Structures are given as structure tokens and as C-alpha cells.
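The structure appears right after this line, and notes come after that.
The values are calculated or read from the model by the stated rules, or taken from the named source; none is laboratory data. Source: prediction; values computed, not measured. Heads up, the Cβs are rebuilt from the backbone with ideal geometry, glycines too, and the neighbour counts pull from every protein chain shown. These accessible areas exclude ligands, DNA and RNA; they are computed on the full protein's heavy atoms, side chains included. Shrake-Rupley method; radii C 1.70, N 1.55, O 1.52, S 1.80 Å.
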There are 2 protein chains.
Amino acid sequence: MYEPPIDFQIAGREGEARTGALITRRGVIETPVFMPVGTAGTVKGIRFEELESPDLDARIILGNTYHLWLRPGIETIRACGGLHKFIGWDRAMLTDSGGFQVWSLGALRKITEEGTEFRSHIDGSLCFLSPEVSMEVQTVLGAEIAMAFDECAPGEATRDEARRSMELTLRWAKRSKDAFEKLQRGVLPLPLGEGGKQALFGIVQGASHLDLRRESLERTVEIGFDGYAIGGLSVGEEKHVMMEVIEDIAPRMPADKPRYLMGVGTPEDLIEAVARGVDMFDCVLPTRNGRNGQAFTSRGKLNIKNARHALDQKPLDESCQCSVCRRHTRAFIRHLYLSGEMLASILLTHHNLAFFLDTMKRVRQAIRSGQFAKFRREFTEQLHCGLG
Amino acid sequence: MYEPPIDFQIAGREGEARTGALITRRGVIETPVFMPVGTAGTVKGIRFEELESPDLDARIILGNTYHLWLRPGIETIRACGGLHKFIGWDRAMLTDSGGFQVWSLGALRKITEEGTEFRSHIDGSLCFLSPEVSMEVQTVLGAEIAMAFDECAPGEATRDEARRSMELTLRWAKRSKDAFEKLQRGVLPLPLGEGGKQALFGIVQGASHLDLRRESLERTVEIGFDGYAIGGLSVGEEKHVMMEVIEDIAPRMPADKPRYLMGVGTPEDLIEAVARGVDMFDCVLPTRNGRNGQAFTSRGKLNIKNARHALDQKPLDESCQCSVCRRHTRAFIRHLYLSGEMLASILLTHHNLAFFLDTMKRVRQAIRSGQFAKFRREFTEQLHCGLG
């Protein structure tokens, strides 16, 4: 088998929770880690310098195969030397496979054994994505971690629907791995002559059916990947269902490989998933909600539009040391938001990412020092005690 | 007369061009200076940290009385301790009087001897701005430099129209000064107990009629201000007309006071106005055009939408050392712009402001070393030699 250029080491445990490091040629990523989402080659509303600053120190960000494939297109990114060079980011990246985005198109897509046919959300043109195409695209993008091409089932999927989807995902996982290895070994022509530098993660599906989830996990591990992800959560199912799946599946995932929970979630979700053994997360909440005027704070969510903040001289989060909280008041950010000023989105995005990344840093420290149970209890209590 | 808390010193001259320093209690502002426009309490698309960074090092920014008065409203800013505290900016500021914005409303406003009645562009409510109201508002805002409340005449105004407008502006200038001095001396109740800390500039009007401009200047100087501005340019007149007015008026303005050309202009306009004796500038071009996809460069304007930049690996300006030009390619910024990503505006705004501010820095160095004529010739030649 192809030997991946990443290494994963566990440095400490407390119950199911683990802390460690994912070592890539573009730096060490301490886990558990939150990955900001950089859909179209940019984490919306924030400069790369800020992502690298001590406030955030994001060690890895996401890129979206679907979006980048459609625009600017893979030929542009190839000509510009791959995604890192194109966007000017030297740290690690992970690219999703496009499977979830295409699935999200709903009526606009048609899924067959071969792959998924869909219409571009940009110009309506007919496109086709398959495991092989996704692997080619992800090889051009050149992220440190690529994802297998999967199909998602809705949260309320019946057992039959979920099984059908899971079986398809397993066949696509095998095809993904075959295509990926050929590309990495240079058996297929390499877009940038940079083979052997990427890792591939497999994705566990099965909706809310635990037996299907377990089977999906077992058979995905049989195919063999460099890390494993739980997909198909936070897609409409109830929160307790999501947590049951995580609680059942995460501890069964290979202990020596990173475990990645895709598309989740709130700060509380992250802590709860860490407690169940998850190492990696990505979510649009800090950036998207920031643009919509919502701040995540240590004392819960803050809606900056709220009239109570009109003269509020406090920072977004009194416990936060980020550059936004050190400098600006809720009253000012509310004014910016109500005035439609871009700076509102910029400041809320920065703070929210700082809060998510700092929370994960504190989680890592807590696990290392055997204080995670205490941290989890106090963090959760404070979240519910109301805004200052 | 009230003694202003600013000082202005000339350190070097070359022809009509001068370099010096405007000394305020919030720092030294080297002149000639370009002031980024912070209409609603934010220079659109850029964080204050970036304005303070060595790339830009903006020593003074503008605030708009009209916009801030309507939203968030003066009571909010008063309760938050003035504009500096409200927005979190410790360096110097200048506030315009609202005269120009209200005049720009066109059919929505009615001008009388007493002041200007208009409908808010935000909620349509009826508002009234006069010299006295403007001075009160500007005292609450608390910028280091306030501007007299004036009326503008259109670029193509007839002599009669221009005279009527100029006479009104002169009466308003006297009323502005009287109200301002009472506020600063504490004769009128002070909103923040911070009197005696602001300077007031008068504004020369007269459209394109040089004799009226000269008369306006003479009578404005008679009233007596801490600095003098040329208003009512770049409002539809031809560029050669604008330059004729500047060339005739700037050298006649008091040599020991700062000369401020309002709302102008392109990098070339700035250099040409400096050559005619102007010390201070403000303009929305670098920020507004940045948001619209236009970069100002040492080799002229660059339209990032242009297909020629699709694979262009060069920075926006090959001669620029700003953080955007050090890191990102035209191809990437074009992709961001076409994708509607906020980061396009953020990066273009940063570069454009860096270019304007760096140009002024080079202008100051050139005057100090007696090389301004050479600099002006080379800068202008390069502007027209086409993009790399």
C-alpha cells in the first residue's frame, strides 16, 4: 500500500478524549483541531495573516473540491501551481471530495453507480463528478489530506435508503482509493509532478442506524485509509441522535488514526464529540454566523443586532483576549452591522474563529493535564449562564 | 481668539510644494498627507490594525458628520465617550461638517439662510443641519480637526449662482466659528467636558470662478481659522478647471496654516496638487474603487475583472511592498472578485490605501531632499507606461 506522508501520534488521553499531533510536511497540527472552512480558496471575511496570527494560529484549513472545480476551475489552479500556491497559504489543508456539496444540490443532481451528474450552481452547465474525477481534482489541489468521494443519506433516511447509500459509498470508497493511489504513485500522470505527498481519509456513512454505521466503519477500515471521518451528521437529524452515533462509532474507529467529524458544530458539540474520541472538526458556523451578526462567546451566543447592545461598552466576550475583544465594543460592532459595513463581518468572523480555536487549545491543554472532565463541566455551565 | 491645540510646521519646500508636520495631541501627522475616509466610523473593508501597520501607517482618518449623526446618532456616540472611543481609534481624526453630504442629496434637501432641511437617506425622516448643529455634533464627535459648515456649488455654476452660494458659505463660516468657539471655551455646555481640544478649518468656495475663489479665500481668512480647505472641486467640472483653481488659490492660502483639498483625487491629482502647494487630501477612490475591483498601481489602474489576469502570477503592483502584493497574485484576487468573496474587497482596499499612503510618503521624502520635480516627472511617466 501507498505510504502516506502524514503521521499521527497520541500524546495524552482522558476517558475517550485524546490529544495528539498530526504531522504533515506543512507543519504539526495539534489535535483535537478545528479547521476553518475555506470554501472557494478563502476563509470568508478573514485574511490569511489573521489565520496565522497568535489569536487564531489555524494550522489547517479546508478547501472545497466542488466550488474550486467549478470556479476558477482546475486548469487555472493547475497553471497556478496547485491550491497552496494559488491562494498563498503555506500551512496544511484538507480538501473535501465534493460528494457532500453535490448531494446538497438536491433536485439539481442525479446519482448513478458511476457518479453524480449535476448542474453547476454558477452557470447551470452540466457537470459530472465521480470518485475518479474527485481524486484527480484533489490531486491537482494538492492538499495534505484528501477525502474519499461519498454519498450522504438524509438524517431521516430509512434503513433501506441508508443501506443503499452506504453500499454505494463503500464501492466509491474503493474506487477513490484505487484512483488516488495510482495518482500518488505516478501510475496515472501527475498534474503537478508532486505525487506521494497526500493522505486519503475514508468516510463512514449509515445515517442514524447504528448497525449500518458499524458495518460502514468496519468495511471502510478493510479498504484501508490514512484517517477516518464520520460523514452524514448534522444534516437534519436531532442532536441527541447525532451524539448517539458519535458515541457509538468514534471509540470503535482505529485508535492510531485521526478521527474526523465532518461539518460539526457548535462549541458545545465540539467538546461533546471530543469527549467521545473525535480528533478533527470543520464547520462554517463561526464564519457564516459571524457574517449574520452572531458571536459565539464563553457565555453563549450573542446577537449583535439586539437593541440591548446599543450602548454596550463591553467586548463581544469579556473572557476573550482576541484583537477584536481587546479593541472594540458591542455598541460599535452593532453600529457596523446595522450600517451594513463589511467591518462587522470581518470583526465577528475574527472573534468567532478565535473563540473556536482557543476553545480547542484549552481542550488540548485540559486533556494533557488530566483536567478535561472538569473543563467540560465548567465550559458547559458557563455557556448557559447568560451574557454579561 | 480661541487657541487651537494643533501646530503646523513647514520643514521643506520645493517650488510651491511643501513638506512639514501637523502636530496634534494624538500624534504628529507629516504632510503632505492623505487621509483615508471613514464615513460611518470605519474605513470600509479594512481593520484599524491594518491602518496602523507599517504598510499604511495612516496618521489621520476622516469621519462623516452627516452619516454618524443619522446613525448611530449623536446620543449613542456621546454615551460611548466620543468618536475615538466609540470606534477604538487613538490616532488623529478630521470630521467634515455634513455640508457636502447634505448638498449631495440634491432634490431631497432644501437650503435656507438658517441651514439645510433634508430627508434622511436611511429612514426618510426630516432632519435639519445648520452651522450651529454641525458644530455641536462635531464637538461630540471630538475629532482633532472640525470643518466649518459650508454650501457647495455645482462645477458648472454660473457666476451668480456661485456668488450666492459663496456668500452663504461665508455667513455660515462666521456662524460656525462663533458656535465652535463657544463650545470649545465652555460658554455653551460641553458634551464631554473636553473643550479646547479641537481645531476648526474654513472652506473656500466659488466654483470655477477664480475671482470669486480669491474673494472667498480673502474673506474666510478674515474670519480666521486654524487651517483652510478648498471645497467644491471634483464635483463635475473638467480636470483642467480643477487644476486651474488649485494653481491659482493654493499659493494664496496662508503659508503658515495647513491647506486641505477636499475630496481629491487620483494619485496623479495628489501629486499635481502638492506641486501647487496643497498639504492635505481625502478621497474615497482607494476604498471605493477597491471594492469595485480596481487597483491603483505605479503603472496605472488595473481592472482585476479583466480576463488577461486569469492566470496572472504577478502581484497587483510589482513595485509595491504591501502585504497583499508580497503574498497574493492577480489571478487569485481576480478569482475572489468573480466569486463575490469579501476578501477581494479587503485585499484591493489594503493595497490601494498602501499605494496612496506610500506615494505621499515618497512625495514628502522627495520634497525634503529637493527631488520633487524629478519624482513628479518619473511618477507621472511610469503611470502611463502600461501594466506589466
In vacuo Debye scattering of the protein assembly as shown, one point per C-alpha: log10 I(q)/I(0) at q = 0.10 Å⁻¹?
-1.01
For the stretch A:40-184, whose charge dipole is built from +1 on Lys and Arg Cβ atoms and -1 on Asp and Glu Cβ atoms, the candidate among A:ALA153, A:PRO54, A:VAL43 with its Cα farthest towards the positive end is A:ALA153
For the stretch B:230-317, the charge dipole (Cβ of Lys, Arg +1; Cβ of Asp, Glu -1; about the Cα centre) points to a positive end, and the Cα of B:VAL241, B:VAL264, B:ALA275 closest to that extreme belongs to B:VAL264
Set of the stretch A:285-326 residues, backbone N closer than 13 Å to the point 7 Å along the Cα-Cβ line of A:CYS385:
A:298-300, A:318-319
How tilted is helix A:131-141 with respect to the longest principal axis of chain A? Cα atoms for both, answer in degrees (0 to 90, nearest 10).
60
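So in the protein assembly as shown, what percent of DSSP beta bridges are antiparallel if you round to the nearest 5? If you can, show how the numbers build up before the last one.
Values: 46 of 94 bridges.
Taking every DSSP beta bridge with both residues in the protein assembly as shown, the antiparallel ones total about 50 percent.
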A:LEU311-B:GLU181 FRET efficiency (beta carbon distance; Förster radius 41 Å; 0.05 resolution):
0.85
If the chain between A:ARG13 and A:LEU210 were fully extended at 0.36 nm per residue, the gain over the current Cα-Cα distance would be 68.4 nm
What residues in the stretch B:327-354 lose 50 Å² or more of accessible surface when the other protein chains are added to their chain alone (1.4 Å probe)?
B:ARG327, B:PHE332, B:HIS335, B:GLU341, B:MET342, B:LEU343, B:ILE346
So how strong a dipole does chain A carry about its Cα centre when Lys and Arg Cβ are +1 and Asp and Glu Cβ are -1, to the nearest 20 debye?
960
Note to self: with every protein chain in place and a 1.4 Å probe, the protein assembly as shown gives an accessible area per residue in Å² of 36
A plus B alone minus the pair: what accessible area, both sides summed, probe 1.4 Å, in Å² to 100?
3500
Taking 8 Å as the Cα distance limit and 6 or more residues as the minimum spacing, I'd like the relative contact order of chain A as a percentage.
17
Could you tally the net charge around A:TYR337, taking each other residue with its Cβ under 12 Å from the Cβ of A:TYR337, Lys/Arg +1 and Asp/Glu -1?
+4
How many percent of the accessible area of the stretch A:102-157 is carbon or sulfur, using a 1.4 Å probe?
54
The summed charge of the B:HIS67 Cβ neighbourhood (under 11 Å; Lys/Arg +1, Asp/Glu -1) stands at -1
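If you average over every viewing direction, what projected area does the convex hull of the Cα atoms of chain B give, in nm²?
Averaged projected area of chain B's Cα convex hull equals 18.3 nm².
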At R0 = 51 Å, FRET efficiency that the Cβ-Cβ distance of B:LEU105 and A:LYS361 yields, to 0.05
0.50
Proximal lysines to A:LYS85, defined as alpha-carbon separation beneath 22 angstrom and excluding residues fewer than eight positions away on the same chain:
A:LYS44, A:LYS197, B:LYS305, B:LYS314
Could you work out, for the stretch B:59-187, what percent of all Cα-Cα pairs fall into each 10 Å distance bin, beginning at 0 Å and stopping at the bin that holds the largest distance?
13, 42, 34, 10, 1
Compute the signed sum of charges (Lys and Arg +1, Asp and Glu -1) over the other residues within less than 11 Å, Cβ to Cβ, of A:ASP57.
-2
To the nearest 10 degrees, the tilt of helix B:239-249 (Cα long axis) against the first principal axis of the alpha carbons of chain B is 50
What are the residues whose amide H is under 5 Å from the amide H of A:ALA11, where those residues sit 5 or more places off or on another chain and H is modelled from the backbone?
A:THR19, A:GLY20, A:ALA21
Full-extension gain between B:ILE223 and B:PHE128, please, as 0.36 nm times their residue separation minus the C-alpha to C-alpha distance.
31.7 nm
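Determine the share of the stretch B:295-388's accessible area contributed by carbon and sulfur atoms, expressed in whole percent, with a 1.4 angstrom probe.
Result for the stretch B:295-388: 45 percent of the exposed heavy-atom area is carbon or sulfur.
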If one takes the longest principal axis of the Cα atoms in chain A, at what angle in degrees, from 0 to 90 and to the nearest 10, does the Cα axis of helix A:159-185 lie?
80
Given B:GLY231, B:LEU336, B:PHE372, which one lies farthest toward the positive end of the charge dipole of chain B, if we put +1 on the Cβ of every Lys and Arg and -1 on the Cβ of every Asp and Glu?
B:LEU336
